[in-house]
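To start, the structure itself, in structure tokens.
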Amino acid sequence: MYIYSDPELENDPHALPDIEIFHNPDDYPLIDEEPYVVGWYWWYCMPGYLPDGEPSGPFDTEELAIADAMAANQTSD
């Protein structure tokens, strides 16, 4: 699932979502073959591009991952 870090951009036909929310179903290595535990994660990533940095998480639910991503974006502005 992709979401916008700035919800106001959702109505802009030229803007792309820039945060990917995803579930890691097992101890699958995501980056540099380091295992990440089961759970929901988020990272900055536009559709069709490689992620920009390490994933944040794990979170117990998709909703918690989304809330954390939005909170992180608010503090970075």
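The values are calculated or read from the model by the stated rules, or taken from the named source; none is laboratory data. The structure displayed is predicted, hence computed values, not measured ones. Reconstructed Cβ throughout: ideal geometry from the backbone, glycine too, with neighbour counts over all protein chains shown.
Consider ALA65 carefully, then state whether it is modelled with pLDDT of 90 or more, touching a strand residue (DSSP E or B) at 6+ places or on another chain (Cβ under 6 Å) and closer than 15 Å to PRO7 by Cα.
No.
Considering only the range 47-61, state which residues are touching a strand residue (DSSP E or B) at 6+ places or on another chain (Cβ under 8 Å) and not in a strand (DSSP E or B).
PRO47, PRO51, ASP52, GLY53, GLU54, PRO55, ASP60, THR61 - these are the residues of the range 47-61 that are touching a strand residue (DSSP E or B) at 6+ places or on another chain (Cβ under 8 Å) and not in a strand (DSSP E or B).
Identify all residues within the range 1-37 that are assigned to a loop (DSSP other than H, G, I, E, B), farther than 21 Å from ALA71 by Cα and at pLDDT 75 or above; write none if there are none. Give the steps one after another, and end with the answer.
First pass over the range 1-37, keeping only residues assigned to a loop (DSSP other than H, G, I, E, B): 1, 4-6, 12-18, 25-28, 32-33, 36-37.
With farther than 21 Å from ALA71 by Cα added as a condition, the list becomes 12-14, 25-28, 32-33, 36-37.
Across the range 1-37, the qualifying residues are ASP12, PRO13, HIS14, PRO25, ASP26, VAL37.
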